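To keep things clear, I will list the structure first and then write my remarks on it.
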Amino acid sequence: MKLLNTNDFKNFCEEVRNKKRKDINIKVCITGCRAKGAIDLYTELKKKENKDIEVIPVGCHKFCSGAPVVKVDFPNENYLYQNVSIDDVDKIIKNAKKYKPVEELLFKNKKFFELQEIKVLKYCGEVNPVSIEDYIYYGGFSAFIKILENFTPEMIIDEIRKSKLRGRGGAGFPTYKKWEIVKEQKSEEKYVICNGDEGDPGAFMDRTILEGLPFQVIEGMLICGFTVGAKKGFFYIRAEYPIAVEHVQKAINKCYEYGLLGKNILGTNFSFDIEMKKGAGAFVCGEETALISSIEGKRGMPKPRPPFPAEKGLFGKPTCINNVETFANIPIIINEGGENFSKIGTQNSGGTKIFSLAGKVKNTGLVEIPLGTPLWKIIYEIGGGPLDGRKIKGVQTGGPSGGCIPIEHFNTPVDYETLAELGSIMGSGGMIVIDDKVCAVELARYFLDFTQKESCGKCTPCRVGTKRMLEILEKITKGKGTLEDIEKLEILGNCIKETSLCGLGQTAPNPVLTTLRYFKEEYLDHIILNYCSSAQCKEVVYAACTNACPVGVNVPEYIDAIEKSDFIKAYEIICNDLPFPSICGRACYSPCESMCRRKDVDEAVNIRVLKKFVCDYAWRKGVSVKDFTVLSREINKKVAVVGGGISGLSCAYFLSKAGVKVDIYEKEKELGGVVKKYIPEFRLPKKIVEKEIKDILNERINVFFNKSLFENLKLEELEEKYDAVYISIGAVASPYVEEKNVFNGLDFLKNVKENKKIKIGDKVGIIGGGNVAIDCARVAKRLKAKDVYIIYRRTEEYMPAHKTEIEEAKKEKIKFLYLLSPEKVENKDGKIVLILKKMTLKDEIDKDGRIKFVETNERLKIELDCLIYAIGQKSKIGEYFDLNDVNRFTLKIKDRKLFVGGDFYRGPSSIIEAIGDGKRAS
């Protein structure tokens with residue numbers, strides 16, 4: 001049915017919108033969800049249609065990790081279902097007839113959509129992509145009719161200028177400016193091109209628009225053609241997107257059928273044709289001059305600019321080339337008005353941007369947000385934050401030519417300029433989140449491998465330079481790199497950026513340069529230690545669990561021995577690297593389990609419990625570390641260890657095995673430090689600590705008690721007397737309010753461990769969220785306190801305490817009070833009155849990815865019998881040494897005989913890290 005004029009069109013629109021629709025519309029995504037069986041699902045649902053129910057094929061519902069996704073529209077409400085299968089069809093139809101949702105299928109993550117500003121994708125997932133009637137029903141082509149009747153080209157350009165729309169293809173060039181340049185060119189022939197050659201791995205924004213809203217893009221192209229004076233347009237879509245190609249071609253055919261394309265459209269003087277060109281899949285054809293060459297039938301290779309395509313483009317004629325999302329924004333601007341459109345976004349960039357959120361977050365899919373939205377809001381609130389048990393490290397924006405931005409910059413508002421300042425780009429909108437299981441060096445190698453292969457080879461810097469950079473990165477990931485390689489990468493990367501012909505070459509080094517800028521320590525780990533903290537580089541990783549262990553215990557080997565029931569052999573394997581196996585079997589936080597490969601399938605192997613089992617078996621059999629301690633021949637070296645805690649003892653033990661004589665200087669009257677004094681008996685029995693300390697001592701180790709560094713022990717004298725000095729004197733407790741019945745957490749634990757009588761009463765409050773706070777709470781329960789409260793200023797997900805300890809505390813009926821921070825402590829009639837400030841969320845995060853909280857004006861009063869402060873332990877190392885002088889690979893202080901480790905170096909850390917420092921320093 002060909003519409004002859006705008007009145008015909010308006011009448012047709014009225015007819016479409018007045019046509020009664022069925023009460024119940026079941027909308028099935030048949031685009032991206034096809035990968036999970038959506039077509040079969042749609043077919044089964046279609047069979048169940050009746051007079052009240054219509055089943056409609058639609059585009060992407062945007063929540064891709066829930067595929068297949070189905071939306072059910074009732075007259076006054078709608079519901080979104082996720083992970084729908086054919087088995088659910090009968091339930092969906094049965095409940096739909098009753099106007100009720102299927103509860104178990106409901107999409108419950110409201111934040112995913114609530115925090116977005118959906119404008120471009122508003123009708124994606126609502127309309128049948130190939131139904132022109134559906135598009136018109138929701139207001140389609142109203143912008144085009146508006147400009148035909150009321151606008152001049154100058155007026156359209158002015159509206160786009162007011163909108164502050166910038167090209168969504170990545171460069172961010174002002175759209176109005178490009179259109180203006182093309183319009184002003186004196187030429188009978190001009191062209192419009194829609195660049196749908198989206199080739200970034202993990203990016204599917206443009207593809208989704210083409211698959212779900214082809215008419216919206218065509219409308220944008222029509223308005224562009226009218227404005228710049230073009231009579232011909234081209235869709236350039238890569239052939240690997242068959243659904244996009246199919247839907248766009250059908251939409252083009254429908255537009256011709258209804259008189260919206262062709263000669264004298266709707267009876268006006270405006271004529272416009274659109275042709276489809278399928279790309280061969282070359283990444284470089286995303287660059288506009290290469291794309292133009294491809295349409296002309298030539299090999300897709302970039303050309304030097306100027307002249308720019310706006311002046312001399314397709315077939316040497318002025319050409320306006322924009323990407324899919326840019327064109328999809330045009331009808332919205334015309335309908336809303338440029339000024340209204342620009343009310344969201346930033347000062348320089350109006351509107352929204354669609355991102356393909358992928359990678360290591362809970363919620364993946366398409367995210368449409370106002371430009372200027374901080375990265376953390378996209379990743380943590382819309383994306384749902386890290387996968388269980390993982391920690392987000394950074395985000396790669398802009399696809400393989402973009403940059404990797406670390407978590408400390410997640411408060412950055414997303415905009416063209418801000419991302420460029422960080423060394424990345426907006427690109428077409430790819431956003432891949434990486435966590436602690438992704439190696440920054442391997443990430444850079446992966447993306448450079450892609451861009452190097454996709455290089456057209458026309459210019460030497462890109463063709464040869466990326467190849468050389470890739471070779472260096474491959475060397476580093478195999479543990480064969482040198483420190484000189486880092487400098488070479490930086491020189492090559494900057495040279496390629498400055499001298500390459502096109503955008504591909506100019507941005508190809510970005511992943512390497514940004515990872516060098518923000519994750520340089522990972523490069524150094526690979527080069528100096530042959531170590532990959534993410535356990536991703538196979539050539540330098542024996543096993544992920546062993547790799548994660550700070551002392552390198554051979555976990556697979558001792559688990560294999562356990563499987564063979566050779567428990568003593570398993571114990572021996574553990575003792576080869578770990579002098580305190582029983583202590584760690586009870587009090588280690590198990591970094592090995594966090595990296596366990598089994599976790600990718602179901603859950604991690606319970607490695608710590610296996611270790612504890614083996615150690616208890618050895619204990620019953622009378623076997624100890626001493627039985628496997630082999631002392632090498634003595635050498636003429638002597639080392640002082642200052643601090644007889646777990647780190648200092650470990651250092652002394654490994655040195656003695658290597659033939660070195662060691663003198664330990666300890667401030668207290670006994671060895672053991674934190675492990676001996678503070679860890680509660682129910683977690684770590686004193687007899688186990690004492691036995692394992694005794695077992696590691698030998699004739700090469702001498703111990704001197706009541707020796708305190710900076711008091712009766714001078715560093716200068718130690719350096720003169722010994723070949724080396726290892727300092728591990730621990731962290732110090734934080735100050736606290738000195739009131740009756742108010743304790744410092746460590747003092748409280750120590751007094752209880754020493755069996756001193758402490759009156760705590762029935763009601764105890766603990767301020768803090770770490771392991772010390774949990775220990776204090778559980779000890780208070782064992783001292784018969786009736787009500788024990790842990791008071792923490794953030795929410796549970798941000799507590800630094802280990803999750804297993806939190807769960808144990810909950811089992812013991814310990815109560816958690818969140819979003820509260822102490823302001824004042826008063827002592828009235830023998831009772832503690834604690835005045836707490838209520839905290840609230842702040843719109844930014846700290847460098848560790850924890851959301852910041854700020855105090856409100858609200859206050860809360862709690863009456864307690866006892867208050868314990870379990871916060872703020874810190875190291876005093878900064879008072880004595882410049883931390884920049886500490887070599888983190890050797891723990892040696894520059895130009896001194898001194899080494900540092902444990903809590904003194906790290907601040908409050910863990911037993912296994914303290915042992916690891918001792919081993920490394922030795």
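Summary of values
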read-out	value
The stretch 554-574, residues that are surrounded by 22 or more Cβ atoms within 10 Å (Cβ to Cβ) and without any contact (Cβ under 8 Å) to a residue 40 or more places away in the chain	Ile573
Criterion violated by Pro331 - all others in (1) modelled with pLDDT of 95 or more; (2) in contact with an Asp or Glu (Cβ under 6 Å, 6 or more places away or on another chain); (3) surrounded by fewer than 24 Cβ atoms within 10 Å (Cβ to Cβ) satisfied	(3)
Matching entry among Lys842, Lys852, Lys892, Lys874 (being out of contact with any helix residue (DSSP H, G or I) (no Cβ under 7 Å at 6 or more places or on another chain) and within 26 Å of Val788 (Cβ to Cβ))	Lys874
Selection from the stretch 64-90 of residues that are assigned to a strand (DSSP E or B) and touching a Phe, Trp or Tyr at 6+ places or on another chain (Cβ under 6 Å)	Val70, Val72, Leu80
Test: Leu165 is closer than 22 Å to Lys343 by Cα, among the aliphatic types (A, V, I, L, M), in contact with a helix residue (DSSP H, G or I) (Cβ under 6 Å, 6 or more places away or on another chain) and buried (at least 18 other Cβ atoms within 10 Å of the Cβ)	yes
Residue in the stretch 843-862 that is touching a residue at least 12 places away in the same chain (Cβ under 8 Å) and under 23 Å from Ile646 (Cβ atoms) present	no
Any hit, the stretch 679-686, residues being acidic (Asp, Glu), assigned to a loop (DSSP other than H, G, I, E, B) and either free of Cβ contacts under 8 Å to residues at least 40 places away in the same chain or in the same structural domain as Ser728 (by TED's automatic domain parsing) (or both)	yes
Long-range neighbours under 7 Å by Cβ, at least six apart or interchain, first residue buried (at least 21 other Cβ atoms within 10 Å of the Cβ) within the stretch 718-742, second of a type in the set (Ser, Thr, Tyr) and at pLDDT below 90	Ala731/Ser875
Scope the stretch 257-276; condition surrounded by 18 or more Cβ atoms within 10 Å (Cβ to Cβ) and outside any helix (DSSP H, G or I); matching residues	Tyr258, Gly259, Leu260, Leu261, Phe272, Ile274
Qualifying residue in the stretch 189-196 (condition: surrounded by 17 or more Cβ atoms within 10 Å (Cβ to Cβ), over 28 Å from the mean Cα position of the chain (by Cα), of a type in the set (Phe, Trp, Tyr) and assigned to a strand (DSSP E or B))	yes
Failed condition for Thr546, given (1) farther than 30 Å from Gly465 by Cα; (2) among the β-branched types (Val, Ile, Thr); (3) not assigned by TED's automatic domain parsing to the domain that holds Trp619	(3)
Positions within the stretch 529-545 being surrounded by fewer than 20 Cβ atoms within 10 Å (Cβ to Cβ) and not in a loop (DSSP other than H, G, I, E, B), in sequence order	Leu529, Lys538, Glu539
Elements of type helices (runs of 4 or more DSSP H) contained in the stretch 568-667, each with 1 or more residues being polar (S, T, N, Q) and farther than 28 Å from Glu719 by Cβ	581-587, 591-594
Matching option when the condition is in a loop (DSSP other than H, G, I, E, B), surrounded by fewer than 16 Cβ atoms within 10 Å (Cβ to Cβ) and not assigned by TED's automatic domain parsing to the domain that holds Gly430, among Gly139, Gly170	Gly139
Positions within the stretch 248-264 being touching a strand residue (DSSP E or B) at 6+ places or on another chain (Cβ under 9 Å), without any contact (Cβ under 8 Å) to a residue 60 or more places away in the chain and over 19 Å from Thr208 (Cα atoms), in sequence order	Tyr256, Leu261, Gly262, Lys263
Residue that is surrounded by the fewest Cβ atoms within 10 Å (Cβ to Cβ) [pool: residues in the stretch 11-33 that are out of contact with any helix residue (DSSP H, G or I) (no Cβ under 7 Å at 6 or more places or on another chain) and of a type in the set (D, E, K, R)]	Lys20
Any hit, the stretch 694-702, residues being among the β-branched types (Val, Ile, Thr), in a helix (DSSP H, G or I) and within 21 Å of Lys638 (Cα to Cα)	yes
Residue check, Ser294 at pLDDT 95 or above and touching a Gly at 6+ places or on another chain (Cβ under 9 Å)	no
Only listed residue being within 12 Å of the chain's Cα centre (by Cα) and either over 30 Å from Lys298 (Cβ atoms) or of a type outside the set (Phe, Trp, Tyr) (or both), chosen from Gly423, Gly383	Gly383
Some residue of the stretch 772-784 being among the small types (Gly, Ala, Ser), touching a residue at least 60 places away in the same chain (Cβ under 8 Å) and not in a helix (DSSP H, G or I)	no
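For every residue, the table says whether it meets (1) assigned to a helix (DSSP H, G or I); (2) of a type in the set (Val, Ile, Thr).
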site: Thr208; (1), (2): yes, yes
site: Gln216; (1), (2): yes, no
site: Leu222; (1), (2): yes, no
site: Ala230; (1), (2): no, no
site: Phe235; (1), (2): no, no
site: Cys255; (1), (2): yes, no
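Residue-by-condition table, conditions (1) touching a residue at least 12 places away in the same chain (Cβ under 8 Å); (2) hydrophobic (A, V, I, L, M, F, W, C); (3) crowded, with 20+ Cβ neighbours inside 10 Å; (4) outside any strand (DSSP E or B):
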| position | (1), (2), (3), (4) |
| --- | --- |
| Lys278 | yes, no, no, no |
| Ala290 | yes, yes, yes, yes |
| Lys298 | no, no, no, yes |
| Met301 | yes, yes, no, yes |
| Pro307 | no, no, no, yes |
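The values are calculated or read from the model by the stated rules, or taken from the named source; none is laboratory data. Every value quoted in this text rests on a predicted model; they were computed, and no experiment measured them. Note that we place each Cβ from the backbone using ideal geometry, even for glycine, and neighbour counts take in every protein chain shown.
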